[in-house]
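Engineer: Here it is: the structure, laid out below.
No value in this document is a laboratory result; all are computed from the given coordinates. No experiment lies behind these values; they were computed from the predicted model shown. Every residue, glycine as well, gets a Cβ built from its backbone with ideal geometry; the counts of neighbours run over all protein chains shown.
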Amino acid sequence: MRRIWSLALAAGLGLAAGGCGPGKPFDGPTVDAFNGRLVRGGQPVAFPAGEKVQLKLFHAKGESFNIPVNADGTFKIGWMPVGKYSAALVREAAEPGKKGAAPSRYSLPGGLTIEDGKTEYQIELGKDWKPA
């Protein structure tokens with residue numbers, strides 16, 4: 001009997017700590033998906049295989065999001081809040097311990113706006129972005 005109560009208490013605490021379902025921890029409107037491609041001058045960009053690339057988005061309400069970017073410059077993630085963002089591209093070399101392999105950060109000019117109902121985006125990196 002003691003074991004049953006312990007299990008019930010543990011399960012109850014787990015639900016209270018983790019929530020009861022897949023909620024969106026953001027107070028405001030969201031889109032169900034955020035997908036797209038990074039481009040420079042309208043042309044797709046690519047990154048070396050093994051390089052860790054993330055699009056870091058900072059919402060006007062203070063929330064931040066890290067979006068993994070594939071080697072072909074595409075990204076695909078679930079829900080995202082609607083609104084204006086400042087954005088940066090962060091790149092880490094495939095071999096972080098190697099000399100000169102410090103992460104690089106590039107701020108996207110003009111930021112980004114995620115619009116209600118829109119799920120596909122082409123994000124322009126700008127003329128000052130350098131591939132390597």
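Engineer: Over all alpha-carbon pairs in the stretch 29-124, figure out the percentage whose distance exceeds 16 Å.
Structural biologist: Details: 2558 of 4560 pairs.
Above the 16 Å cut-off, the stretch 29-124 has 56 percent of its Cα pairs.
Engineer: Given a Förster distance of 22 angstrom, what is the FRET efficiency for Thr119 paired with Glu92, based on the Cβ-Cβ distance and rounded to 0.05?
Structural biologist: It comes out at approximately 0.20.
Engineer: Which residues' amide hydrogens lie under 5 Å from the amide hydrogen of Gly111, considering only partners 5 or more residues apart or on another chain, with H built in the peptide plane?
Structural biologist: HN-HN under 5 Å from Gly111: Ala87.
Engineer: Projecting each Cα onto the charge dipole of the stretch 29-124 (Lys/Arg +1, Asp/Glu -1 at the beta carbon, about the Cα centre), which of His59, Ala49, Thr119 comes out farthest on the positive side?
Structural biologist: Toward the positive end, the furthest listed residue is Ala49.
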